[in-house]
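> Dropping the structure in here first, questions after.
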Amino acid sequence: MEAAGAVEGEAGRGSGRFDVVRRGWADAVLRNGTPAEVGLDPKPIGMALERVQNFTRPSAGGHPLFAGAVTLLVHDGVITNVDAAGWALRYADAAGAELPVDQRVAMTPDTIFDVASISKLFTSIAVMRQVELGRVEIGRPVARYLPEFSVNGKAGITVEQLLTHTSGLPSWLPLWSDYPDVPARVKAVMDVAPRSTPGSAYLYSDLNLITLGLLAERVSGKPLDVLVREDVTGPLGLRDTGYRPPRSELHRIAATEFQGARGLVRGEVHDENAWSLGGVAGHAGVFSTARDLAVLGQAILNGGRYGDVRVLRPRTVELMLTNFTQRFPGNAHGLGFELDQRWYMGALASAATAGHTGFTGTSLVLDPMSGSIAVLLTNRVHPNRDRGSVNPARQAVADGLARALAVRPRWGDSAWTADAPNGTLTTAALPAGTGRQTVDFSVFVDLETSDRLVVQASADGRTWRDLRVLSGHGKRRWERVRLVGEPAAHYRWLFVRGTGLAGRGVYVDGVRVSDRSGVLLDAERDPTALRANGWHATDR
């Protein structure tokens, strides 16, 4: 096999392309535009937005998946779509009794959301700023900066292990209910013992980020909310992003859950532990809008700069997007950012794709390989947290943007792509030739780990033997393939669908079969040379 590799392009070039892998940092300031303006197909986006809208309507279970949502998509620095659906405030009680329509609050593009664990990104950036200032080293023990953390076997836990969730700390503690005040809750975090040997396992933990928030406060001498404001939201102009939003903005804030004595939580952090810590914590507490999160995302795609403002050095951003947890497959994690998580990144997922989700129903996906951003903000915990997983909506949004991007044929006007499990693309019967045959074709592969494309040959069209198996998750590559073997009457490409979530798929282009007598079959010249079953021709 001769691999031509991925089509490469500099940042800002290759608009609308999924098969063009960007190199280097982008250099964009967000502006409003249309999908067509940056070469996107609006149909997959429209279908994705319709799915999100449908999730705000009652299903067979009798209620919507979430009360409302705001979806925002970006490609090449252009905000191509902003869509608000449903209600920011819909319910009168925890049981789901609906307010009269005239008492509800409609979702709007500038609705402010409790972004829950997306807050962890702001904390991580604040910590990395302290690294840039020389106050923190990621390879050093946390106890160097927080001596009280060293108890119960934690003396060797490093800052890096907190950032990558490899510290061994438990996922959470019931701080709000088991401890009487903020000092006792902070001491509980400092005193907690690891569940596993630090560095031996991946375990996502709120306590990692609570500790990092405390560390950032200690080394800087400033409260975490001040650090985030001075180092991130202020420089980037994120006017609607921060902790403890003012009551004057309550009319713009999406409602969350009815929580016992707290009643309807709206304008205060939903997470009970963050609330019990005063509304400012390393793991939760940030409120934001879709556009503000997109600005943050673009700053990351730009290598830490947005317009004339730099909030992080390029090397710092590179580290934040580097997989530090390769020894724990399926849990790729940079310094703060999650990586390569198809369960919410959908077909945008790759080894380079970064993001985070939030328990309240939020997600942010950054795809450096295509220069794209997908933001989905929902209030899925309104009126309670028992409505079901929001992941289908997250996947739909990311898939819609990915499928709006083109995969351009390499040789002719169109390529063949598989659209059904076990679909086949088969050559017509070959004319008699002489000697060994050579099969040439180009293939684009972006598959889930368990998917594969099998190239097969047959003497009679009934019994098939495998010639080559292609796979590869998230590599987004065109390859020029040459297979040499004994004479066969037919060749075919079999797409085998695995058990995971789908990637962008496979594309076959430029099929040619030849032997010493010359070309026996040229699919680009003869449209009847291939028979499709579960495949179709496409020019993108």
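> Just to be sure I understand the filter: pairs with C-beta atoms under 8 Å, separated by 6 or more residues or on different chains, first member in the stretch 456-476 and free of Cβ contacts under 8 Å to residues at least 60 places away in the same chain, second member of a type in the set (Phe, Trp, Tyr) and assigned to a strand (DSSP E or B). Which pairs pass?
Gln456/Tyr491; Gln456/Trp493; Ala457/Tyr491; Ser458/Tyr491; Leu467/Tyr491
> Can you tell me which residues in the stretch 47-85 are within 23 Å of Leu405 (Cα to Cα), in a helix (DSSP H, G or I) and in contact (Cβ under 8 Å) with a residue 40 or more places away in the chain? Spell out how you get there, then give the answer.
In the first step, residues of the stretch 47-85 are kept if they are within 23 Å of Leu405 (Cα to Cα); the result is 47-53, 70-84.
After this cut, where a residue has to be in a helix (DSSP H, G or I) as well, the list is 47-53.
Met47, Ala48, Leu49, Arg51, Val52, listed by residue number.
> Next up: Is it the case, given these coordinates, that Thr322 is closer than 15 Å to Ile118 by Cα and either over 11 Å from the mean Cα position of the chain (by Cα) or open to solvent by 50 Å² or more (accessible area, probe 1.4 Å) (or both)? Give the steps one after another, and end with the answer.
On the way: closer than 15 Å to Ile118 by Cα: no; either over 11 Å from the mean Cα position of the chain (by Cα) or open to solvent by 50 Å² or more (accessible area, probe 1.4 Å) (or both): yes.
Against the criterion (closer than 15 Å to Ile118 by Cα and either over 11 Å from the mean Cα position of the chain (by Cα) or open to solvent by 50 Å² or more (accessible area, probe 1.4 Å) (or both)), Thr322 does not qualify.
> Could you check how many residues of the stretch 92-108 are exposed (fewer than 13 other Cβ atoms within 10 Å of the Cβ) and of a type outside the set (Gly, Ala, Ser)? If you could, list the steps in order and put the result at the bottom.
Our first condition is that a residue be exposed (fewer than 13 other Cβ atoms within 10 Å of the Cβ); within the stretch 92-108, this holds for 95, 97, 100-103.
Narrowing further to those that are of a type outside the set (Gly, Ala, Ser): 100-103.
Result for the stretch 92-108: 4.
> Regarding the stretch 13-32, can at least one residue be identified that is at pLDDT 90 or above, touching a His at 6+ places or on another chain (Cβ under 8 Å) and part of a loop (DSSP other than H, G, I, E, B)?
Here is the first cut: in the stretch 13-32, the ones at pLDDT 90 or above are 16-19, 24-32.
After this cut, where a residue has to be touching a His at 6+ places or on another chain (Cβ under 8 Å) as well, the list is 16.
Next, from what is left, pick out any that are part of a loop (DSSP other than H, G, I, E, B): 16.
Yes: one or more hits.
Table: residues versus (1) under 30 Å from Gly371 (Cβ atoms); (2) in a strand (DSSP E or B).
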| site | (1), (2) |
| --- | --- |
| Arg468 | no, yes |
| Gly472 | yes, no |
| Val481 | yes, yes |
| Ala488 | no, no |
| Phe495 | yes, yes |
| Thr499 | no, no |
| Asp509 | yes, yes |
| Ser514 | no, yes |
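> Please pick out the residue among Ala429, Ala523, Ala418, Ala488 that is modelled with pLDDT under 95 and closer than 25 Å to Ala396 by Cβ.
Ala418
> Still on this model: Tell me yes or no: at least one residue of the stretch 148-161 is farther than 15 Å from Leu215 by Cβ, crowded, with 20+ Cβ neighbours inside 10 Å and not hydrophobic (A, V, I, L, M, F, W, C).
For the stretch 148-161, residues farther than 15 Å from Leu215 by Cβ, crowded, with 20+ Cβ neighbours inside 10 Å and not hydrophobic (A, V, I, L, M, F, W, C): absent.
> Quick check on the stretch 180-191. Is at least one of its residues under 29 Å from the mean Cα position of the chain (by Cα) and at negative phi? Spell out the reasoning first.
So the first thing to find is which residues in the stretch 180-191 are under 29 Å from the mean Cα position of the chain (by Cα), and the list is none.
No, there is no match, as no residue in the stretch 180-191 is under 29 Å from the mean Cα position of the chain (by Cα) and at negative phi.
> What is the number of the single condition among (1) in contact with a Leu (Cβ under 9 Å, 6 or more places away or on another chain); (2) closer than 29 Å to Arg342 by Cα; (3) of a type in the set (A, V, I, L, M) that Leu501 does not meet?
Failed condition: (1).
> A further question follows. Looking at (1) touching a strand residue (DSSP E or B) at 6+ places or on another chain (Cβ under 6 Å); (2) buried (at least 23 other Cβ atoms within 10 Å of the Cβ), can you tell me which one Leu264 breaks?
Unmet condition: (2).
> Report yes if some residue within the stretch 197-211 is over 22 Å from Asn331 (Cα atoms) and open to solvent by 30 Å² or more (accessible area, probe 1.4 Å); otherwise report no. It would help to see each step written out before you state the result.
Of the residues in the stretch 197-211, the ones over 22 Å from Asn331 (Cα atoms) are none.
Taking every residue of the stretch 197-211 in turn, none turns out to be over 22 Å from Asn331 (Cα atoms) and open to solvent by 30 Å² or more (accessible area, probe 1.4 Å).
> In the set Ser167, Ser171, Ser220, which member is open to solvent by 20 Å² or more (accessible area, probe 1.4 Å), among the hydroxyl-bearing types (Ser, Thr, Tyr) and over 27 Å from Arg305 (Cα atoms)? Explain how you work it out, then say what you get.
Details: Ser167 fails: open to solvent by 20 Å² or more (accessible area, probe 1.4 Å); Ser220 fails: over 27 Å from Arg305 (Cα atoms).
Answer to the check: Ser171.
> Right, here's the next one. Taking the condition outside any helix (DSSP H, G or I), under 30 Å from Arg51 (Cβ atoms) and either modelled with pLDDT under 95 or not hydroxyl-bearing (Ser, Thr, Tyr) (or both), does Ala88 pass?
On the way: outside any helix (DSSP H, G or I): yes; under 30 Å from Arg51 (Cβ atoms): yes; either modelled with pLDDT under 95 or not hydroxyl-bearing (Ser, Thr, Tyr) (or both): yes.
For Ala88, the condition - outside any helix (DSSP H, G or I), under 30 Å from Arg51 (Cβ atoms) and either modelled with pLDDT under 95 or not hydroxyl-bearing (Ser, Thr, Tyr) (or both) - is met.
> What pairs come up if the first residue lies in the stretch 391-402 and is within 19 Å of Val381 (Cβ to Cβ) and in contact (Cβ under 8 Å) with a residue 24 or more places away in the chain, the second is of a type in the set (A, V, I, L, M) and in a helix (DSSP H, G or I), and their beta carbons are under 7 Å apart, counting only those six or more places apart or on different chains?
Ala393/Val52; Val397/Ala48; Val397/Val52
> Another question about this same structure. Test each condition in (1) farther than 27 Å from His536 by Cβ; (2) modelled with pLDDT of 95 or more; (3) surrounded by fewer than 21 Cβ atoms within 10 Å (Cβ to Cβ) for Val390 and report the one that comes out false.
Checking Val390 against (1) farther than 27 Å from His536 by Cβ; (2) modelled with pLDDT of 95 or more; (3) surrounded by fewer than 21 Cβ atoms within 10 Å (Cβ to Cβ), the one that fails is (3).
> When residues of the stretch 35-45 are filtered for being open to solvent by less than 70 Å² (accessible area, probe 1.4 Å) and without any contact (Cβ under 8 Å) to a residue 60 or more places away in the chain, how many remain?
So the count comes out to 1.
> Out of everything in the stretch 407-443 that is of a type in the set (Ser, Thr, Tyr) and in a strand (DSSP E or B), what residue ends up being farthest from Val484 (Cα to Cα)? Outline the logic, then answer.
First, pick out the residues of the stretch 407-443 that are of a type in the set (Ser, Thr, Tyr): 414, 417, 424, 426-427, 434, 438, 442.
Subsequent filtering for residues that are in a strand (DSSP E or B) retains 417, 424, 426-427, 438, 442.
Numbers: Thr417: 23, Thr424: 21, Thr426: 17, Thr427: 16, Thr438: 5, Ser442: 15 Å.
Checking each candidate, the answer is Thr417.
> While we're on this one: So in the stretch 101-155, with the set limited to residues that are in a loop (DSSP other than H, G, I, E, B) and of a type in the set (S, T, N, Q), which one is farthest from Leu238 (Cα to Cα)?
That would be Asn152.
The values are calculated or read from the model by the stated rules, or taken from the named source; none is laboratory data. In this text the structure is predicted, and so the values were computed from the model without any measurement. Cβ atoms come from the backbone with ideal geometry, glycine included; neighbour counts cover every protein chain shown. Please note that ligands, DNA and RNA were not included when accessible areas were found on the heavy atoms of the full protein model with its side chains. Shrake-Rupley method; radii C 1.70, N 1.55, O 1.52, S 1.80 Å.
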